[in-house]
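Worksheet: the structure to be examined is printed underneath.
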């Protein structure tokens, strides 16, 4: 604090939704001075049931993996509703029954077996934010400042390559309005909270609302000087406008309504995820925790041009009517409705993700799409999960600023893929079923199922495959040519074909060498900021292989190796940039930990040997055999070394002899 | 509250250790007015590291199952250290290596595969109490009153069969001493906390200590009038003395020391549970969470008569020396020692478990044994887990007081079995290894392993098999003849041979009929106070079987059935005494929930049909096939019905037609 009104921070996060909070988890964990502001006063709170506060979310299994790396994935997994099977229901001429009667056309597994130890799930956004908050509080004193509206943002172009706080922002302190949201819904008494205020069917009224309140009461402002600013401020992003990023893409004419209810119904599949495609329109059912389901209902009873739709024509009753028409002959009603909204499907991506790699955009601020695929919150959190550790490394002075370019490369690519997926998915869903094989405009069942199955893998987050960069060493292809990468360092994918460079490392069970406890590999990769060097030492009872491990360990122990060259000197949060995890393939009971090189199980004069670094691909007593080597495609008589990023994506694969490549790889990231 | 000094409560719990807190979980959950007092001021707190506060406990897998039924088993399971393998190390003439050098003789799985989804684990007692506290706080306003020393207890014999508060207790308010424990350890500066004050090597100094303090400052007393009093006040139980229960059994000459350290060692098996039997003595290693291990070390360097042992001769250094002698040629040292103690092994059971079924004893107050088998805390909690729901049912006026007799029958039996087990186990452990096959006094390796393996099942808690009683309908045998049981109601064990009447219901995975989610059956049996009627309906696609289910449902729905005859009228905590859970064996996708009888999935005008009561024994997408019918030994073309107690023990098994037996069974428990 320099004067009464000027604060200096390393990172200013604008917006305290899931993407802003996920960013803060990294910064909290790694000890970066951070400020979060939000213009709204209503921190999402699962105890209250106001408006978007009960915005229920589909949780991608990748998100659960990320939560698990933060230590609360299992809690969320337990609390959430799990979705295992998708039921496709149709009315169409293919129907062998009476026409216009719904029949079950197909059952599709919701997450392909073997993809992950988690499956798709649904839970309150509020509960997820609760967990993120608790994590942030555990590791830092970062608090969210509510009622702060940004007014101006300036980047000092001369300072952008220095650490002299190149970004300045003015924030206005807003007075707390009594009924922020209720004023937006004057058609319902008593009002069922809705999400229209953030729907694209109506203009963004929030700013105006706050503005007028402020004219009456609030005048105080404060100035923030920041090294970095991240705009996590949603679809109507203020930050986006400041850096001149423009949303590019299309708006469709499809209008959908959303209804969150506890259903009273004779429809038998209401606890399955359903894709219903009837001659009266389409509908999706997403079952949730605590007896709730979310219905996505195609709205056909409105102006077909869509542009000038009267939003007052849509409400919970009209949505329920539409649902009943689609579901006929089944009936559905409710006594509990927590929330509803309506929106026109639009898929757009920001023209810029960053200005000077000093101001960044993330989440809805830089990509919007239909909520139906249940990806908004997930992709938004993944954006900042990608950015957070990189920012921390650069701010701490450990890594070169060029690391930050990889955020834009990686997440813009994902946003574009998301939009493409969403376009296909929405078209599929909003179109009408084909009448017969000659009906070119209708959607045929086979296409429907194919897109659904492929889409599902995408929607799980498991299909994310980052392009080559400074930190992804796979070969260039025509599709993913980029310039920012380490010359000459190309990972040897063939050594572990099923650990794809550029993707999250798949997880299989291995046993701790020292106590036989089975662990999913991912459980040993918490998000604490370290890189992992995973040594697949192979059959260490074979003297040749043991000698190779010893030579590898010797090379790592050399003063010139990356391990000794790049160290977080004096940092209390990280004792090393690297954690060496060994997984060998010999019989557990024939190997003694202490016969392996010391660097694989480091000694501490205070705590003795480290028993948590060496694992074995062997059978467990109670949980089967993980078959990690076979599943990864690694030859036990050869082994390999894998570099995994702090966010669990695979950077590089090489031989035990390729320590020079590892040295060059890290030399291009770390500051000398 | 009648006057300033007289309080009326339903239950007074004396002692806030694990057994007292476990009792309070039931009473909190079921809404019973309860008071807990403890003379000590130091509520166990995992944040502090004083004395017995870090008394680390082995967690029986049965305890984990109980915790799971309370909603936090998974948290404890995740936090705990898991023990998978026991290593037996010996020095003996059988040793093919040089004599007196330790060699690995055997590896034994620590929990037989298939017994449970949990295995043995270790965790801070403090953490376990934290979870129990949090649960009690969630469901009630029960608080622990610290610094309350009981002074007198009287039972009004004329009132014992009435609810007119037959027990009165006077409690003295103690002033808080500054250094309650440090005064007990004046040999160590700075002191390593120890547990000698509760060891049988020294007299119970606590009372005297508190007494003298109190003479200076504290004089206030209060009177409690209670319907029931439960003494959970440990090995030196005050309550036990009041009701004239005498500890009966033997005290051995074996002396053992306990040391809790982070080991610095070249002994390779230190993270396994080890049984070490060397010519220099015996030792057990129990690995714990957070790098700690607990060593149980046979102390041989003391007066061999044992009776007059000078406790100042035992300390962490002497224990470490003894350990090193046993472990030779390996070496062990430490920089962190959290706790140590020493004790003489004694196995004793109280002559009375109750006075008039108005005052009860539980836990260490009524059985003591060596802590080495890691069962003290577990069995103590199981005592009150058995008692709590029964007390609640009787206090609420739902059940006859005769239900309380089953506590004494069941837990005295377990205490005796525990003592027998402990005697064999301790003798085995404290004896010397046999020199050769002619050495009758030594313990031979085969016996050692056998006792260990059998003992392990016992130690897991899974071998508990309650005798026939009012609530256990198995046939009498010579061993377990009791008088208190329902005449003529004998469970038909043959219908489900692997669901033994008298034991905890084993758990297998089944799928929710309505959403295909796999659940372990036990996960659907939370400890909320209800009995479960588990309907194994068999193949409900077979019209014969479906008709039997319908007839069963009709009989249950009759006004004369137990379901309609015994209801908790107006009680806000329980809407019914019974939960009907159906598990059928037909293909999931061919069955529609609504084709099954309504009582199997009850309808609510507010919430619609209940989707959480019907399960299916079918293959899951991601977690295999539970094969529940095959594992339970149930014939799908016949099925059966199982009555499970609120504490998950099996009461009765019968045919779908045996509703009359069920009526008679419940009629003998419930008040009309």
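Given the criterion on the phi > 0 side of the Ramachandran plot and surrounded by 22 or more Cβ atoms within 10 Å (Cβ to Cβ), identify the matching residue among A:624, A:639, A:633. Before you say what the answer is, go through the steps one by one.
Numbers: A:624 fails: surrounded by 22 or more Cβ atoms within 10 Å (Cβ to Cβ); A:633 fails: surrounded by 22 or more Cβ atoms within 10 Å (Cβ to Cβ).
It is A:639.
Mind listing whichever residues of segment A:77-87 are within 22 Å of residue A:285 (Cβ to Cβ) and at the interface with chain B (Cβ under 9 Å from one of its Cβ atoms)?
As a first pass, look at segment A:77-87 and keep what is within 22 Å of residue A:285 (Cβ to Cβ): A:77, A:79-87.
Listed by number, the residues that qualify are A:81, A:82, A:83, A:84, A:85.
Determine whether residue A:178 is surrounded by fewer than 18 Cβ atoms within 10 Å (Cβ to Cβ), at pLDDT 95 or above and outside any helix (DSSP H, G or I). Give the steps one after another, and end with the answer.
Numbers: surrounded by fewer than 18 Cβ atoms within 10 Å (Cβ to Cβ): yes; at pLDDT 95 or above: no; outside any helix (DSSP H, G or I): yes.
Against the criterion (surrounded by fewer than 18 Cβ atoms within 10 Å (Cβ to Cβ), at pLDDT 95 or above and outside any helix (DSSP H, G or I)), residue A:178 does not qualify.
A quick yes/no check of all residues on (1) modelled with pLDDT of 80 or more; (2) within 13 Å of another protein chain (Cβ to nearest Cβ); (3) surrounded by fewer than 22 Cβ atoms within 10 Å (Cβ to Cβ):
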residue: A:93; (1), (2), (3): no, no, yes
residue: A:100; (1), (2), (3): no, no, yes
residue: A:107; (1), (2), (3): yes, yes, yes
residue: A:118; (1), (2), (3): yes, yes, no
residue: A:127; (1), (2), (3): yes, no, yes
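State yes or no: is residue A:74 within 11 Å of another protein chain (Cβ to nearest Cβ), in a helix (DSSP H, G or I) and at pLDDT 80 or above?
Values: within 11 Å of another protein chain (Cβ to nearest Cβ): yes; in a helix (DSSP H, G or I): yes; at pLDDT 80 or above: yes.
Against the criterion (within 11 Å of another protein chain (Cβ to nearest Cβ), in a helix (DSSP H, G or I) and at pLDDT 80 or above), residue A:74 qualifies.
Quick one: residue A:507 ticks every box in (1) surrounded by fewer than 22 Cβ atoms within 10 Å (Cβ to Cβ); (2) within 14 Å of chain B (Cβ to nearest Cβ); (3) within 30 Å of residue A:399 (Cα to Cα) except a single one, so which number is it?
(1)
Kindly provide the set of residues from segment A:574-594 that are within 12 Å of chain B (Cβ to nearest Cβ) and in contact (Cβ under 8 Å) with a residue 12 or more places away in the chain, ordered by number. Don't jump to the end; show me each part of the working.
First, pick out the residues of segment A:574-594 that are within 12 Å of chain B (Cβ to nearest Cβ): A:587-594.
Selection gives A:587, A:588, A:590, A:591, A:593, A:594.
Do the conditions hold for residue A:571, that is, is it modelled with pLDDT of 95 or more, away from chain B (no Cβ under 14 Å) and under 32 Å from the mean Cα position of the chain (by Cα)?
On the way: modelled with pLDDT of 95 or more: no; away from chain B (no Cβ under 14 Å): yes; under 32 Å from the mean Cα position of the chain (by Cα): yes.
In short, no.
Of all residues in segment B:134-169, count the ones that are in a loop (DSSP other than H, G, I, E, B) and over 26 Å from the mean Cα position of the chain (by Cα). Let's see the steps before the verdict.
So in segment B:134-169, the residues in a loop (DSSP other than H, G, I, E, B) come out as B:140-143, B:147, B:156, B:160-166.
Next cut, over 26 Å from the mean Cα position of the chain (by Cα) only: B:147, B:156, B:160-166.
Total satisfying the criteria: 9.
Could you list, in sequence order, all residues of segment B:404-439 that are in a helix (DSSP H, G or I) and at pLDDT below 70? Write out each step before concluding.
Residues of segment B:404-439 in a helix (DSSP H, G or I): B:404-430.
Of everything in segment B:404-439, those that are in a helix (DSSP H, G or I) and at pLDDT below 70 turn out to be B:429, B:430.
Across segment B:268-290, what is the total count of residues that are surrounded by fewer than 20 Cβ atoms within 10 Å (Cβ to Cβ) and either at positive phi or at the interface with chain A (Cβ under 10 Å from one of its Cβ atoms) (or both)?
Final tally of qualifying residues: 3.
Output the number of the condition that residue A:572 fails; it satisfies all remaining conditions of (1) more than 22 Å from residue A:634 (Cα to Cα); (2) surrounded by fewer than 22 Cβ atoms within 10 Å (Cβ to Cβ); (3) touching a strand residue (DSSP E or B) at 6+ places or on another chain (Cβ under 9 Å).
With respect to (1) more than 22 Å from residue A:634 (Cα to Cα); (2) surrounded by fewer than 22 Cβ atoms within 10 Å (Cβ to Cβ); (3) touching a strand residue (DSSP E or B) at 6+ places or on another chain (Cβ under 9 Å), residue A:572 is out only on (3).
Restricting the search to segment A:245-267, which residues are part of a strand (DSSP E or B) and within 14 Å of another protein chain (Cβ to nearest Cβ)?
A:261, A:262, A:263, A:264, A:265
Exactly one of (1) within 27 Å of residue B:667 (Cα to Cα); (2) touching a residue at least 12 places away in the same chain (Cβ under 8 Å) is unmet by residue B:570. Its number?
Only one criterion in (1) within 27 Å of residue B:667 (Cα to Cα); (2) touching a residue at least 12 places away in the same chain (Cβ under 8 Å) is unmet by residue B:570, namely (2).
Rundown of residues vs (1) modelled with pLDDT of 90 or more; (2) at negative phi; (3) away from chain B (no Cβ under 14 Å), yes/no style:
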{"residue": "A:31", "(1), (2), (3)": "yes, no, yes"}
{"residue": "A:49", "(1), (2), (3)": "no, yes, yes"}
{"residue": "A:63", "(1), (2), (3)": "no, yes, yes"}
{"residue": "A:66", "(1), (2), (3)": "yes, yes, yes"}
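Please name all residue pairs, on different chains or six or more residues apart, with Cβ atoms under 7 Å, provided the first residue is in segment A:596-624 and is at the interface with chain B (Cβ under 8 Å from one of its Cβ atoms) and the second residue is in a loop (DSSP other than H, G, I, E, B) and surrounded by fewer than 17 Cβ atoms within 10 Å (Cβ to Cβ).
From segment A:596-624, the pairs are A:621/B:113; A:622/B:113.
What strands (runs of 3 or more DSSP E) completely inside segment A:550-665 contain at least 1 residues that are more than 30 Å from residue B:262 (Cα to Cα) and touching a helix residue (DSSP H, G or I) at 6+ places or on another chain (Cβ under 6 Å)?
Details: elements: A:578-584, A:614-616, A:640-644, A:650-654.
Where strands (runs of 3 or more DSSP E) fall fully within segment A:550-665 and carry at least 1 residues being more than 30 Å from residue B:262 (Cα to Cα) and touching a helix residue (DSSP H, G or I) at 6+ places or on another chain (Cβ under 6 Å), they are A:640-644, A:650-654.
The values are calculated or read from the model by the stated rules, or taken from the named source; none is laboratory data. Every value quoted in this text rests on a predicted model; they were computed, and no experiment measured them. So basically every Cβ, Gly included, is an ideal-geometry build from the backbone, and we count neighbours across all protein chains shown.
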